[in-house]
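> Okay, here's the structure, questions in a sec.
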Amino acid sequence: MNKIFAGMIFLLLSFEVNIGTPTALLPPGAVTFDVIHSHAILELIPDFIGYAVIALGLKELSELSDRFARIIPAVKIMIAYSIVAYGINLFGSGEMIIINEALSTPEVLRLIFGFLSMTLSMFISYSIIMGIREIEVRRNVYLKSGDLYSLWKFKVAFAIVGFTCMFMSVVMQGVFWISLISIVSLITVAVVNICYIFAFNTTRKLFNEYIKEQIQTENEAQDEK
């Protein structure tokens, strides 16, 4: 479980550096106010590193619950997605924004893929929590999976609100209250994520104590033989 926790830390510490400056161009067939932004984004801690570490942790715990093994393919999808996104961001997004138009195609795709990746990420988190709950039931040990599940539900609710408002703010440009709700929701998600990390750290410590007790019990049984 230590590796899963470390992977979550890597995902939480997602810092980006913008490289380059936008340039105004008029592509063939474009309307008068078309603007193309060509810039690169460098992630200091790429998400695929976090997901790769989580996958290693899930493999270690697969013997305790089948749920951990079943979600490894989903984590591999997120690794592949993160690698592709990292490459696109690093070598320049070529993002086109059409002023006075509701949406440009890259904006739509970014929102769609962002929502899909968020959904898969939430599914992975849910499956990890359910795997921990199975360990509690099968091993009769308290790991505070209920606290994790409560925080997960808050995170999902505010993430959905945030993404919905982000989409509406792009379609309905200039509506202040939509943008405000979007910002507040995303900030709330960030705060809940931090609380979730602290709660998972408590679960990790309880699990490590349980494993330590199990090893000690097995060693004492071998000594008696």
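The values are calculated or read from the model by the stated rules, or taken from the named source; none is laboratory data. Computed from a prediction, not measured in an experiment: that's the story for all the values here. Glycine gets a Cβ as well: all are built from the backbone with ideal geometry, and neighbour counts include every protein chain shown.
> Spot the failing condition for Phe113; the list is (1) at pLDDT below 95; (2) surrounded by 14 or more Cβ atoms within 10 Å (Cβ to Cβ); (3) under 15 Å from the mean Cα position of the chain (by Cα), and only one is missed.
(2)
> Which one of the conditions (1) out of contact with any Leu (no Cβ under 9 Å at 6 or more places or on another chain); (2) touching a residue at least 24 places away in the same chain (Cβ under 8 Å); (3) of a type in the set (A, V, I, L, M, F, W, C); (4) over 29 Å from Leu13 (Cα atoms) does Val141 fail to meet, given that it meets all the rest?
All conditions pass for Val141, except number (1).
> Which residue out of Val161, Val192 is surrounded by 14 or more Cβ atoms within 10 Å (Cβ to Cβ) and either closer than 30 Å to Leu56 by Cα or of a type in the set (D, E, K, R) (or both)?
On the way: Val161 fails: either closer than 30 Å to Leu56 by Cα or of a type in the set (D, E, K, R) (or both).
Residue meeting the stated conditions: Val192.
> Checking Val137 against (1) in a helix (DSSP H, G or I); (2) in contact with a helix residue (DSSP H, G or I) (Cβ under 8 Å, 6 or more places away or on another chain), which single condition isn't satisfied?
(2)
> Next question. Run down Tyr142, Tyr210, Tyr196 and say which single residue is modelled with pLDDT of 85 or more and not in a helix (DSSP H, G or I). If you could, list the steps in order and put the result at the bottom.
On the way: Tyr210 fails: not in a helix (DSSP H, G or I); Tyr196 fails: not in a helix (DSSP H, G or I).
On inspection, the qualifying residue turns out to be Tyr142.
> Continuing with the same structure: So which residues in the stretch 125-138 are touching a residue at least 24 places away in the same chain (Cβ under 8 Å) and either farther than 11 Å from Arg67 by Cβ or among the hydroxyl-bearing types (Ser, Thr, Tyr) (or both), if there are any at all? Lay out the reasoning, then the answer.
Quick first cut of the stretch 125-138, residues touching a residue at least 24 places away in the same chain (Cβ under 8 Å) only: 125-128, 130-132, 134-135, 138.
Passing the criteria: Ser125, Tyr126, Ser127, Arg138.
> Kindly provide the set of residues from the stretch 130-150 that are closer than 30 Å to Ile181 by Cβ and surrounded by fewer than 20 Cβ atoms within 10 Å (Cβ to Cβ), ordered by number.
Selection gives Gly146, Asp147, Tyr149, Ser150.
> Sticking with this one: Those residues that are buried (at least 16 other Cβ atoms within 10 Å of the Cβ) and within 20 Å of the chain's Cα centre (by Cα), I need them from the stretch 198-211; list them, please.
If the condition is that a residue be buried (at least 16 other Cβ atoms within 10 Å of the Cβ) and within 20 Å of the chain's Cα centre (by Cα), then Ala199, Phe200, Thr203, Arg204 are the ones that fit.
> Still on this structure: Taking the stretch 58-90, which residues are touching a residue at least 40 places away in the same chain (Cβ under 8 Å), surrounded by 20 or more Cβ atoms within 10 Å (Cβ to Cβ) and of a type in the set (Gly, Ala, Ser)?
Ser65
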